[in-house]
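Notes follow once the structure below has been shown.
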Amino acid sequence: MKFDIYAKNYEVGEKLRNITEQKLSKLDKYFKDDETVAKVSFKKQGNNSLTTEIMLDYNGKLVRATATGDNFYDNIDVILPKLEGQIRKHRTKFDKHNKNAAFLDAAIYDLKNSEEKSAREIVKKKSFALVPMTLKEAEEEMELLGHSFYVFLEAKTNTVQVLYRRDDGDLGLIEPQV
């Protein structure tokens, strides 16, 4: 597994880097080769909350988990069971050819008291007309509606885009590739 570790408003020490790599390398058993990339982000935010985000990229398949807490070491311990659960849940996406041989070992970070979430169902359905608008107009509409996301038709490119509010309060934009 290859590691890309970076930080925002924080400098990653050698101890944190080593522990992060050591703990994430235990997930190597789920991947057959060294093509897996672990992108680890440490962010210190204004109110002294520390956010850790880990994204695993295995041949274009992504698994991502985040945690916010008082220190980065505890965040890593919170994230690892989440990542392992996602990997196990979507194991056929990662290794279609060897799905029967995958995950023969017991889970390392499996929580003892974790229960499988029940199947989700669609409880509400909406339809609406897409009106061409700029990104700024979409942001204003999202704020007016009080939603955490907004689907709109971008006026210049005539593509459907999604504007959303991230956990850190900033905005994100999902654009389709044409």
Has region 14-26 got any residue that is hydroxyl-bearing (S, T, Y) and under 18 Å from the mean Cα position of the chain (by Cα)?
yes
Could you look through region 78-91, keep only residues that are touching a residue at least 40 places away in the same chain (Cβ under 8 Å) and surrounded by 16 or more Cβ atoms within 10 Å (Cβ to Cβ), and pick out the one that is nearest to N48 (Cα to Cα)?
L80
Candidates A67, A38 - the one that is in contact with a strand residue (DSSP E or B) (Cβ under 7 Å, 6 or more places away or on another chain) and crowded, with 20+ Cβ neighbours inside 10 Å:
A38
Scan the strands (runs of 3 or more DSSP E) fully inside region 130-178 and keep the ones with 2 or more residues being among the aromatic types (F, W, Y) and touching a residue at least 12 places away in the same chain (Cβ under 8 Å).
149-154
Does K124 count as under 17 Å from M55 (Cα atoms), of a type in the set (D, E, K, R) and at pLDDT below 90?
no
What's the total number of residues in region 29-58 that are touching a residue at least 24 places away in the same chain (Cβ under 8 Å) and either of a type in the set (A, V, I, L, M) or more than 20 Å from V78 (Cβ to Cβ) (or both)?
13
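The values are calculated or read from the model by the stated rules, or taken from the named source; none is laboratory data. What you see is a predicted model; the values in this text were computed from it and never measured. With ideal geometry, Cβ positions are generated from the backbone for all residues, glycine too; neighbour counts draw on all protein chains shown.
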